[in-house]
Amino acid sequence: MKQYILEAKNISKTFGNVKALENVNFYLRKGKIHGLLGENGAGKSSLMNILSGIYQPEKGSIFINNVKQKSLDPESASELGIGMVHQEFRLIESFSIEDNLTLSKSNIYQNNFKEAYEKYSEIFSLSVKPEKTISQLSVGEKQKIEIMKLIFNDSKIMLLDEPTAVLTPQETDQLRISLGTLSEEDEKTIVLISHKLKEIREFTEKVFVMKNGKMVAEELSTKDVTDDNLIELMMGNIQKSIIDKSNTAGDTKLSVKSLKYVDKVNNFKILDNINLEIKAGEIIGIAGVSGNGQVELANIISGIEVDYFGKILINNKDVSRRGVRSRKKLNLSYIPENRLGVGLAPGVSVLDNSIVRDYFKTRLGPHLSRSKTENYLESLINKFSIKAPNSKAEISTLSGGNMQKLLMGRELISNPEVIIASQPTRGLDVNAVEAIHNLLVEQRDKGSAILMISEDLDELFKLSNRIHVMFEGKIVKSFNIDDADINNVGLAMAGIVE
Amino acid sequence: MAIFIGSIILLIQDKSPIDTFSLMLRLSVGSVNSLSASLNKAIPLILAGLGISIINSVKLWNIGAEGQIFLGAIAVNFIYINTQINSPSIHIFVLLVAGFVGGSLCILIPAITKVVFGVNEIITTLLTNYIVFGVTIFLINGPWKDPKSLNFPAAAYVGEEVFLPTIIGKLSFGFLICILFTILAHYLKNKSVFGFEMRIAGGSAMTAVYAGINAKQKAFIAMLIGGGFAGLAGAIELLSQTHRVSTGISQGFGYTAIIVAAITGMRPLGIFLVGSLFGALSIGGSVIQTIGVSAYIADIIQASTLFGALIIQFFFTYQIKKVEND
């Protein structure tokens, strides 16, 4: 028993009806780097939040240095030496580095800040003065300060939630070296959450794998386990399509040619040489972990983002320099991943939200015809069986599934030529998912060309004719659905392409 | 609640609340003359309130209605001095338009800074109040000072030919304009495509971009229109009440209008009603001074009405509802 610095046993946690964690066990050895692998929504962050005292588990016990902890709150967890770096930084932007590092009362370098800062900025190869304010730092530098904050607060167990998500490959490499030094010299116990296999492999000694709120593999030794094994554990078995895909494809409806997009602020290549072609009656799936350029790709095709290189053709018509509206007139529909906030405007009525796409058709000059818009909404409600209290109700009074049905209905009712559907079923219950899938297939059969961006492999395998895998802004691999299997798609998603 | 608080204060002062309120009621709405006086007072409140509500469609706040009222009046006087129009009705029409444009000009800089640089419009519109008030003081003490005003700082009176006619009693023609603009604002906000685009832009800037709606353009236009409404209030006030530019053009109408607009949840028809009520309260407030009660009682009632309305709004917004799962 002695060897573990932290033990969590049989942890369970539910949010509403969702079982986020179910009888999860987790052990950490002192001075080692542990990997925690899993898809989005597998429960990794929930587990970390429980260990750092932010959430209280419903069941289970936590031992730290073999002492059972009655209840952890953020303060007691910090006193016990557990610190966490969240995906969204918790730095005070307008304060200096020094102020941020010494802010906490558990800070141990109050008196010899200078030497400590020098020592650790060398380990992190950070070359900024501690007087600088946080807002002046790059994302990578902020990340380093976040991790240093844990050291300054005397955290012995460091939980890092997707620390590499915001880093460039060079910075990731640097982080690996820094963490290695910390675990060896300072005997820090580190947990690295990631869904990138390559990093888990390079960073860690031990690896845990989560899936759907369960720990499916405990304490595997990283060097003995193969990528294929990990992918299988992470993704589980996926049923191949039950949907008929024998319909014939027609003419090319959408082509994307050598698309390049650079984030001007950080001079970071977000999209690199993307080429796509979608024919009528085809569903093309874009697989990939979110944050690999999918949102930007969808925004560029729909005309929202205009500052890019490359060409977009709808029905062989070059629309590269056209705006959102003229693309809509060519009958392109976009179902954005951010349902409330982009697709639907919060604080605005169901009626108003229902006409966002086609309102220019229901107008008579400057007049917006009440009866026409009401009829339009009525037809959406009937055709797509949407449950809405009344047309004047605020949009967020609808359930997630009904919101998505309204959004899909609005975008599909005009029988569009091209559909971009981004994460169309994220966060929806089984029935809603089924309804949305049927809508997409129905639309495919009517001859729409559909680009479906999703993280959900089940969905991609079920609906797509072809799957492209995006990783770090590139299409790293493409599969015909018959040649695709969960392992090779999963490996490509993790950036491993042989 | 407002009446309750007013009553307590009256009782502290040893006055009978019932007598005071009945007097207020009688002298503010009890006769044609008093009713028309009340409604005249309501005109600037309603117009400025409508302007505020239009700008609020894109979720922006106009705190500068007071300045817009003054600049509207200044614009009227400027055009009056510099033009010669023989037909009185056309002349009045031109001057009213001038007032509207003056109000728009007043909010132009806040509108530009908002749209181009994202500067907080609450601050900039508030600041324009001070600037315009300074300009007014300068004009009526300097270039426009009327030599006949016996050193009272005010511009010269405009000629009687451009006075707005009255309809019934002392009720100004401005009230008809007010009704017309209430309908206009209601149409613009609730029935027009522009109103829809403003709602989407106000709801979520990202949804506007997604829908191909130019949110900044909508905000800009909404601000100019809203400012114009308040400017028109200044024009009517000048042409029907003060007949000259002086500091008396507005008695805080631009600020009270914010209360009127907020109480009604930015609904034009509501603004018309509540604006009328506030006009009556203010007339009632000034007459109760004759029985030795401070006119501030009316102010207190106004302020407590706002509190009451805001609390009620809270309960309307945050209801406990049973949600059915589906």
> Going through segment B:156-183 one residue at a time, which ones are buried (at least 16 other Cβ atoms within 10 Å of the Cβ) and within 21 Å of B:Asn56 (Cβ to Cβ)?
Replying inline: B:Cys178, B:Phe181, B:Thr182
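Tell me, please, whether a residue that is more than 30 Å from the chain's Cα centre (by Cα) and touching a residue at least 40 places away in the same chain (Cβ under 8 Å) can be found in segment A:32-49.
No, every residue in segment A:32-49 fails to be more than 30 Å from the chain's Cα centre (by Cα) and touching a residue at least 40 places away in the same chain (Cβ under 8 Å).
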>> Take A:Ser379 and tell me if it is touching a helix residue (DSSP H, G or I) at 6+ places or on another chain (Cβ under 6 Å), away from chain B (no Cβ under 11 Å) and among the polar types (S, T, N, Q).
In response: no
> Restricting attention to segment A:377-402, and to residues there that are of a type in the set (Ser, Thr, Tyr) and within 25 Å of A:Thr425 (Cβ to Cβ), which single residue is farthest from the chain's Cα centre (by Cα)?
Replying inline: A:Ser379
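Here is a yes/no grid of residues against (1) without any contact (Cβ under 8 Å) to a residue 24 or more places away in the chain; (2) among the small types (Gly, Ala, Ser); (3) on the phi > 0 side of the Ramachandran plot:
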residue: B:Glu121; (1), (2), (3): no, no, no
residue: B:Asn129; (1), (2), (3): no, no, no
residue: B:Phe133; (1), (2), (3): no, no, no
residue: B:Pro147; (1), (2), (3): yes, no, no
residue: B:Ala154; (1), (2), (3): no, yes, no
residue: B:Ile167; (1), (2), (3): yes, no, no
> Got a sec? Which of A:Leu463, A:Leu407, A:Leu428 is in the same structural domain as A:Ile274 (by TED's automatic domain parsing), touching a Gly at 6+ places or on another chain (Cβ under 6 Å) and surrounded by 23 or more Cβ atoms within 10 Å (Cβ to Cβ)?
Replying inline: A:Leu407
> Given (1) surrounded by fewer than 20 Cβ atoms within 10 Å (Cβ to Cβ); (2) hydroxyl-bearing (Ser, Thr, Tyr); (3) more than 14 Å from chain A (Cβ to nearest Cβ), where does B:Tyr187 come up short, assuming only one miss?
Replying inline: (3)
>> If the requirement is being of a type in the set (S, T, N, Q), over 27 Å from B:Val135 (Cβ atoms) and surrounded by 20 or more Cβ atoms within 10 Å (Cβ to Cβ), which of these qualifies: B:Ser28, B:Ser22?
In response: B:Ser28
> When only residues in segment B:190-224 that are more than 9 Å from every other protein chain (Cβ to nearest Cβ) and in contact with an Asp or Glu (Cβ under 8 Å, 6 or more places away or on another chain) count, which is nearest to A:Lys361 (Cα to Cα)?
Replying inline: B:Lys218
>> Going by what's in this entry, would A:Leu439 be described as without any contact (Cβ under 8 Å) to a residue 60 or more places away in the chain, in contact with a helix residue (DSSP H, G or I) (Cβ under 6 Å, 6 or more places away or on another chain) and aliphatic (A, V, I, L, M)?
In response: yes
>> For segment A:52-67, give me the residue count where each residue is under 12 Å from A:Lys13 (Cα atoms) and surrounded by 16 or more Cβ atoms within 10 Å (Cβ to Cβ).
In response: 3
> If you check A:Asn266 against the conditions, is it in a loop (DSSP other than H, G, I, E, B) and surrounded by 21 or more Cβ atoms within 10 Å (Cβ to Cβ)?
Replying inline: no
>> On the basis of being more than 11 Å from chain B (Cβ to nearest Cβ), crowded, with 19+ Cβ neighbours inside 10 Å and of a type in the set (Lys, Arg), does A:Arg357 make the cut?
In response: no
> Hey, does segment B:82-92 have a residue that's β-branched (Val, Ile, Thr) and crowded, with 24+ Cβ neighbours inside 10 Å?
Replying inline: no
> With respect to the numbered conditions (1) assigned by TED's automatic domain parsing to the domain that holds A:Ser464; (2) more than 22 Å from the chain's Cα centre (by Cα), which one is the sole condition not fulfilled by A:Ile270?
Replying inline: (2)
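Conditions tested, residue by residue: (1) farther than 23 Å from B:Leu126 by Cβ; (2) modelled with pLDDT of 95 or more.
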residue	(1), (2)
B:Met223	no, yes
B:Ala233	no, yes
B:Gln241	yes, no
B:Ala262	no, no
> Taking segment A:302-352, which residues are within 11 Å of chain B (Cβ to nearest Cβ), more than 25 Å from the chain's Cα centre (by Cα) and assigned to a loop (DSSP other than H, G, I, E, B)?
Replying inline: A:Arg322, A:Gly323, A:Gly347, A:Val348
>> If a residue must be in contact (Cβ under 8 Å) with a residue 40 or more places away in the chain and either out of contact with any helix residue (DSSP H, G or I) (no Cβ under 9 Å at 6 or more places or on another chain) or of a type outside the set (Val, Ile, Thr) (or both), how many such residues does segment A:81-102 contain?
In response: 12
> Restricting to helices (runs of 4 or more DSSP H) lying wholly in segment A:427-495: which have 1 or more residues that are at pLDDT 90 or above?
Replying inline: A:430-445, A:457-463
> Restricting attention to segment A:385-398, which residues are in contact (Cβ under 8 Å) with a residue 40 or more places away in the chain and crowded, with 20+ Cβ neighbours inside 10 Å?
Replying inline: A:Ile395, A:Leu398
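The values are calculated or read from the model by the stated rules, or taken from the named source; none is laboratory data. Computed from a prediction, not measured in an experiment: that's the story for all the values here. Neighbour counts are summed over all protein chains in view; Cβ atoms, including those assigned to glycine, are modelled from backbone coordinates with ideal geometry.
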